[in-house]
Amino acid sequence: MKKILIISGSIIVGLLVIISICASFYLYSYALSRDNSSMNDKPTADQTTETAKLAKKNRQENTAWMEQQRLTKWTETSADGLKLVANYLEAPSPSNTTIILAHGYRGKSGKVEMAGLARMYNQKFGYNVLMPDARAHGESEGKNIGFGWPERKDYVQWTNQVLDKNGDDTEIVLHGVSMGSSTVLMTSAEKLPKQVKSIIADCGYTSMDAELSYQLKAMFHLPKFPIIPMASLINKVKEGFFFSEASAINAVAETDLPIFYIHGDSDAFVPTSMVEELYDATKSYKEKWVVKGAEHGQAFTVEPETYEEKVRQFLSKTM
């Protein structure tokens, strides 16, 4: 009887291990693979809200505006050999300020996802705007999404290209939304040129590990262990880093760049608690604005005039 129990127990443990491994590979493909079409344009539960309807309307208007602009295509080769693509929008009148935008997770492209902010910066502020397609998005190469960690090196290269083309007297600001927010936060701790003056981080997560763990529980009702550690090991083998290394919260504790944090208080994709953690960890000059009623990435939609004014005020202090 004891032998039967031992064998049964071993079989159960073995099955659990196999299930965990399979679940880890599934999560890795589901969350990180560029080719996972099931995640592209994935509908959200809030698409019928008034905010979502307004966001859709604004998106259509801003996309139409973007299509009328004269864009210049820039390219860059990443440190690991990927061809990266960005669209550059020149200021209406000569300007020595360039905003580099960073779009969110599984966005179609920089010029599509960031059209509203590009329009604000270009038309209202009179700035040049660079809109990169993150690796594994848009026209940029790459098989897997890095959640900001490999992308941070790409953004260092984009800042250098801006200086090469626009001159050393250029001032640069990095502004990201969602995954783009965490990307620019991770970039903030890199060796950046002195012309990079500040960071604007809209609804970013603290780390890749924390965000995937949160989504695993929210979407599948599963605990972090053992799926996240196993998926992280897969990523280490495939991409060269563990999920825990992709940390915005560690980066902001090191940077001396000013940071303006923006987050919606109704964000169900990146919990609002994460902006509090990021803000508390930041030792450089910092500001924070939590937007009442704003869902994920919708602060600009909910409060466009206040958004513009607060960004303007922040830049006037830090540039």
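The values are calculated or read from the model by the stated rules, or taken from the named source; none is laboratory data. All values reported here derive from a predicted model rather than from experimental measurement. Note that each Cβ is placed from the backbone with ideal geometry, even for glycine, and that neighbours are counted across all protein chains shown. What goes into the accessible areas is simple: the full protein's heavy atoms, side chains included, and nothing from ligands, DNA or RNA. Shrake-Rupley method; radii C 1.70, N 1.55, O 1.52, S 1.80 Å.
Extending 7 Å from the Cα toward the beta-carbon at both Ala268 and Arg312 defines two label points whose distance is 3.5 nm. Projecting the Cα positions of Pro258, Ala248, Ala294 onto the charge dipole of the stretch 244-319 (unit charges on Cβ atoms of Lys, Arg, Asp and Glu, taken about the Cα centre) puts Pro258 furthest along the positive direction. Taking the accessible area of the stretch 168-319, probe 1.4 Å, and keeping the other protein chains in place, the carbon and sulfur fraction comes to 53%.
Taking amide H atoms as placed 1.01 Å from N in the peptide plane, the amide H of Lys286 lies under 5 Å from those of Ile259, each 5 or more residues away in sequence or on another chain. Packing around the peptides 74-84, 142-152, taken as the average count of other Cβ atoms within 10 Å per residue, puts them in this order, highest first: 142-152, 74-84.
Applied to the stretch 157-166, the Karplus parametrisation 6.51 cos²θ - 1.76 cosθ + 1.60 on θ = phi - 60° returns per-residue 3J(HN,Hα) values of 5, 5, 4, 5, 5, 4, 5, 4, 8, 9 Hz, with x for Gly and Pro.
Could you give the Stokes-Einstein D for the chain in µm² per second, using the C-alpha Kirkwood radius, 4 °C, 1.567 mPa s? Roughly 64 µm²/s, to the nearest whole number.
Couplings 3J(HN,Hα) of the stretch 251-262, computed from phi: 5, 5, 6, 9, 6, 10, 7, x, 10, 10, 9, 10 Hz, in residue order, whole Hz [Karplus 6.51 cos²θ - 1.76 cosθ + 1.60, θ = phi - 60°; x for Gly and Pro]. Round to the nearest 0.05 the FRET efficiency obtained for Asp168 and Leu222 when R0 = 45 Å and r is the Cβ-Cβ distance. The calculated FRET efficiency here is 0.35. For the stretch 176-217, a simple Cβ point-charge model (Lys and Arg +1, Asp and Glu -1, everything else neutral) yields a dipole of about 200 debye relative to the Cα centre. Protection proxy ranking, highest mean first, for peptides 215-223, 160-168: 160-168, 215-223, where packing is the per-residue count of other beta-carbon atoms within 10 Å, averaged. Here the contact order of the chain, divided by its residue count and restricted to Cα pairs under 8 Å and six or more residues apart, works out to 15 percent. Taking 26 Å as the limit for the C-alpha separation, the pairs Lys111/Lys317; Lys111/Lys217; Lys57/Lys111; Lys83/Lys111 exceed it in the case of Lys111/Lys317; Lys111/Lys217.
When ligands, DNA and RNA are left out and all protein chains stay put, how many square angstrom of accessible area per residue does the chain have with a 1.4 Å probe?
Details: 15100 Å² over 319 residues.
On a per-residue basis, the chain sits at 47 Å².
The 3J(HN,Hα) values that the Karplus relation (6.51, -1.76, 1.60; θ = phi - 60°) gives for the stretch 119-136 are, in residue order, 5, 4, 5, 6, 8, 8, 9, x, 9, 6, 9, 10, 10, x, 8, 4, 3, 6 Hz. Gly and Pro appear as x.
Proximity of backbone amide H atoms, modeled 1.01 Å from N, is registered between Lys108 and Glu113 at under 5 Å, excluding neighbours fewer than 5 places apart on the same chain.
Magnitude of the Cβ-charge dipole of the stretch 156-313, K/R +1 and D/E -1, about the Cα centre, nearest 20 debye? Show your work: numbers first, answer last.
Details: 14 positive and 23 negative charges, 84 e Å.
The dipole magnitude comes to about 400 debye.
In deg cm²/dmol, rounded to 500, what helix-only [θ] at 222 nm does the chain give when every DSSP H run of at least 4 residues adds -39500 (n - 2.57) and the total is split over its residues? Provide the component values of the computation, followed by the final result.
Values: 12 runs with 144 residues, N = 319.
Mean residue ellipticity at 222 nm (helix-derived): -14000 deg cm²/dmol.
Around the amide H of Ala102, modelled in the peptide plane, lie the amide H atoms of His175, Gly176, Val177, all under 5 Å away and 5 or more residues distant in sequence or on another chain. Here the average projected area of the convex hull drawn through the C-alpha atoms of the stretch 220-319 stands at 8.2 nm².
Computed FRET efficiency, Cβ-Cβ of Glu61 and Ser33, R0 30 Å: what is it to the nearest 0.05? All intermediate terms of the calculation are to be shown ahead of the outcome.
Details: r = 32 Å, r/R0 = 1.07.
Using R0 = 30 Å, I get an efficiency of 0.40.
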